[in-house]
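Step one of this worksheet: look at the structure below.
The values are calculated or read from the model by the stated rules, or taken from the named source; none is laboratory data. As the structure is a prediction and not an experimental result, all values here were calculated from the model. Cβ: placed from backbone, ideal geometry, glycine included. Neighbour counts: every protein chain shown.
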C-alpha cells in the first residue's frame, strides 16, 4: 500500500491581494529550506522547533477551498512559499490534481533544489517567482551560504521549458551585500538568458 504524501505546513495566510501572484491568493508556507540567507525573513521555515502540521494534499484542499469563489472571481489561487516549496513538488502536483486547473498556482522559490523537483513543479505550477538574490557568484554565496551553480543551472533549464511569461525573477537590493550596479549586472545577465519579467525590491532591515 502506498503511503500518503504529506508536507509540513507552518501556516496558511488567506485573502492576500496582489502580493503573491495575481488576484486573491492564499499563501501556504512550508517548512524546510536548503539555504541560510543572512537576512532571512522567515527563519522559522527551517528552525527545528517551529510548530507545523503535517497535511495531505486533500487536507490542504479542504482548508483553502473556502475561498474558491475569490480565486475564481479574481484569477487568483494558491501561492506556495516557505522555506523552499519545491522540496514538496510531489505534494504540489497531487494538490493540483485535486483542485483542478481553474485556480492559479504560484511558487516562490530559490530553485536551489534538484532539477527533478523543479521539473515536477513545472508540470503543475502556473507561475514561478524566482528569488535569485544576485547573479554574482561571490555575492550569492556570501549571502545564502551555498554556491550559485544549482540555482543558475535550474533557471536556465526552466527558461528552456516554460514560456517567459510564466517566470518572474526577483532582484533584491541587499544592504552590505550588493549595490545598484550589482543589480543592474544581474538584470543584464538574466535578460541575456531569456528572462523578461523582473521584480526589483529593497530589503528593509531592522
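Just wondering, is there one or more residues in the range 11-19 that are touching a residue at least 60 places away in the same chain (Cβ under 8 Å) and within 15 Å of the chain's Cα centre (by Cα)?
no
If residue 165 meets every condition in (1) exposed (fewer than 13 other Cβ atoms within 10 Å of the Cβ); (2) modelled with pLDDT of 95 or more; (3) more than 23 Å from residue 21 (Cβ to Cβ) apart from one, which number is that one?
(3)
Give the number of residues within the range 42-65 that are under 20 Å from residue 16 (Cα atoms) and without any contact (Cβ under 8 Å) to a residue 40 or more places away in the chain.
Qualifying residue count, the range 42-65: 4.
Quick check, is residue 137 farther than 22 Å from residue 10 by Cα and modelled with pLDDT of 95 or more? Write out each step before concluding.
On the way: farther than 22 Å from residue 10 by Cα: yes; modelled with pLDDT of 95 or more: yes.
Here the answer is yes, as residue 137 does meet what is asked.
So which residues in the range 84-104 are within 17 Å of residue 161 (Cβ to Cβ) and surrounded by 23 or more Cβ atoms within 10 Å (Cβ to Cβ), if there are any at all?
Passing the criteria: 86, 89, 92.
Would you point out which residue out of 179, 168 is farther than 26 Å from residue 119 by Cβ and touching a strand residue (DSSP E or B) at 6+ places or on another chain (Cβ under 8 Å)?
Being farther than 26 Å from residue 119 by Cβ and touching a strand residue (DSSP E or B) at 6+ places or on another chain (Cβ under 8 Å) holds for just one of 179, 168, which is 179.
Every residue in the range 52-62 that is in contact with a helix residue (DSSP H, G or I) (Cβ under 7 Å, 6 or more places away or on another chain) and surrounded by 16 or more Cβ atoms within 10 Å (Cβ to Cβ), please.
Passing the criteria: 57, 60, 61.
Could you list all residues from the range 47-62 that are modelled with pLDDT under 95 and in a helix (DSSP H, G or I)?
Within the range 47-62, none qualify.
Can you name the residue in the range 74-87 that is under 18 Å from residue 151 (Cβ atoms) and in a helix (DSSP H, G or I) and is also farthest from the chain's Cα centre (by Cα) among such residues?
If we take residues in the range 74-87 being under 18 Å from residue 151 (Cβ atoms) and in a helix (DSSP H, G or I), then 87 is farthest from the chain's Cα centre (by Cα).
Can you find a residue that is more than 19 Å from residue 126 (Cβ to Cβ) and in contact with a helix residue (DSSP H, G or I) (Cβ under 7 Å, 6 or more places away or on another chain) anywhere in the range 40-51?
Going through the range 40-51, the residues more than 19 Å from residue 126 (Cβ to Cβ) turn out to be 40-51.
Remaining after also requiring in contact with a helix residue (DSSP H, G or I) (Cβ under 7 Å, 6 or more places away or on another chain): 50.
Yes, there is a match, as at least one residue in the range 40-51 is more than 19 Å from residue 126 (Cβ to Cβ) and in contact with a helix residue (DSSP H, G or I) (Cβ under 7 Å, 6 or more places away or on another chain).
Can you pull out the residues in the range 106-117 that are surrounded by fewer than 23 Cβ atoms within 10 Å (Cβ to Cβ) and outside any loop (DSSP other than H, G, I, E, B)?
Selection gives 115, 116, 117.
From (1) buried (at least 17 other Cβ atoms within 10 Å of the Cβ); (2) in contact with a strand residue (DSSP E or B) (Cβ under 9 Å, 6 or more places away or on another chain); (3) assigned to a loop (DSSP other than H, G, I, E, B), pick out the condition that doesn't hold for residue 71.
Of the numbered conditions (1) buried (at least 17 other Cβ atoms within 10 Å of the Cβ); (2) in contact with a strand residue (DSSP E or B) (Cβ under 9 Å, 6 or more places away or on another chain); (3) assigned to a loop (DSSP other than H, G, I, E, B), the odd one out for residue 71 is (3).
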